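The values are calculated or read from the model by the stated rules, or taken from the named source; none is laboratory data. These numbers come from a predicted model, not from an experiment. Here the Cβ positions follow ideal geometry from the backbone for every residue, glycine too, while neighbour counts run over all protein chains shown. Keep in mind that these areas ignore ligands, DNA and RNA; they rest on the heavy atoms of the full protein, side chains included. Shrake-Rupley method; radii C 1.70, N 1.55, O 1.52, S 1.80 Å.
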Amino acid sequence: MKVLGVSGSPIENGNADRALQTALEATGMETEFVRLRNYSIEPCIACLKCVNTNVCIFEDGGNVLAEKAKNADALIVAGYTPYSTLDSRSKAFIERLYPLRHKYGFMQGKPGGAVITCAVPGSCEMLPPACDNGVNAVMYYMMEEGMNFVGSATVLGNLPCIKCGYGDECDLTGIKMMYGTEATVESVGVNSFEDQPEAVEAAKTLGKNIAEALKSNE
């Protein structure tokens with residue numbers, strides 16, 4: 001049994017990568033970890049030329065990754081939530097799995113899960129539920145492909161404003177939007193996956209749930 005983990009994070013070894021790797025390790029199975037930043041992926045153009053071949057017309061990294069997903073026994077997608085929805089790399093990857101649907105349903109029945117990082121703390125009731133939106137984007141893809149979505153792990157990530165250099169003075173700084181008018185780069189600090197016990201446990205539980213689902217399919 002092999003579990004494929006795909007991270008859409010542009011930050012190498014960031015919170016999303018580390019949370020995904022924690023989930024993969026918890027499966028206790030053979031795994032493969034992939035960073036989308038290392039691939040060139042065109043988004044689906046809905047041409048339907050993949051119907052009879054199950055292969056996209058774009059000869060790029062999307063086909064390489066689709067083949068990996070086809071051959072894997074389970075899939076975990078890790079992404080983040082710019083503008084309160086799933087990032088474009090992760091979304092493009094999901095769209096490029098569409099050729100696997102036709103006639104055979106190559107993803108059907110496989111266990112799957114999501115790891116999502118977002119910078120919106122739970123206390124921001126006036127802002128969109130960014131983490132939920134990210135999880136739902138992955139979950140609905142898996143649901144529509146007949147996969148078995150077994151769960152998710154969410155991680156409080158970091159605002160780009162923390163390191164842009166103007167986080168304390170920009171009129172549109174997310175720091176004050178999310179943490180209040182008196183908040184500063186220093187007072188907000190940097191959020192780390194390992195310092196969030198609930199997120200760490202959720203990632204481990206996701207991996208264990210993937211393993212249990214695979215064993216029940218044997």
Under the condition of being in contact (Cβ under 8 Å) with a residue 60 or more places away in the chain, out of contact with any Ser or Thr (no Cβ under 6 Å at 6 or more places or on another chain) and open to solvent by less than 30 Å² (accessible area, probe 1.4 Å), which residue from the range 143-166 is nearest to ASN15 (Cα to Cα)? ALA153
Would you tally the residues in the range 71-94 being open to solvent by 20 Å² or more (accessible area, probe 1.4 Å) and either in a strand (DSSP E or B) or within 24 Å of GLY28 (Cβ to Cβ) (or both)? 3
Looking at the structure I just gave you, is ALA66 touching a residue at least 40 places away in the same chain (Cβ under 8 Å), among the hydrophobic types (A, V, I, L, M, F, W, C), in contact with a helix residue (DSSP H, G or I) (Cβ under 9 Å, 6 or more places away or on another chain) and not in a loop (DSSP other than H, G, I, E, B)? no
Candidates GLU169, GLU194, GLU182, GLU186, filtered to the one that is farther than 30 Å from GLU95 by Cα, in contact (Cβ under 8 Å) with a residue 60 or more places away in the chain and surrounded by fewer than 18 Cβ atoms within 10 Å (Cβ to Cβ): GLU194
Checking VAL138 against (1) in contact (Cβ under 8 Å) with a residue 24 or more places away in the chain; (2) over 18 Å from the mean Cα position of the chain (by Cα); (3) assigned to a helix (DSSP H, G or I), only one condition comes out false. Which one? (2)
State whether the residues of the range 46-58 include one that is of a type outside the set (Val, Ile, Thr), touching a Phe, Trp or Tyr at 6+ places or on another chain (Cβ under 8 Å) and either open to solvent by less than 10 Å² (accessible area, probe 1.4 Å) or modelled with pLDDT under 95 (or both). no
All but one of (1) touching a residue at least 40 places away in the same chain (Cβ under 8 Å); (2) over 30 Å from ASN158 (Cα atoms); (3) assigned to a loop (DSSP other than H, G, I, E, B) hold for ILE45, so report the exception by its number. (1)
Residue pairs, Cβ under 9 Å, 6 or more apart or interchain, first in the range 3-18 and open to solvent by less than 10 Å² (accessible area, probe 1.4 Å), second among the aromatic types (Phe, Trp, Tyr) and part of a loop (DSSP other than H, G, I, E, B). List them. none
Consider the range 145-162. How many of its residues are in contact with a strand residue (DSSP E or B) (Cβ under 9 Å, 6 or more places away or on another chain) and of a type in the set (A, V, I, L, M, F, W, C)? 6
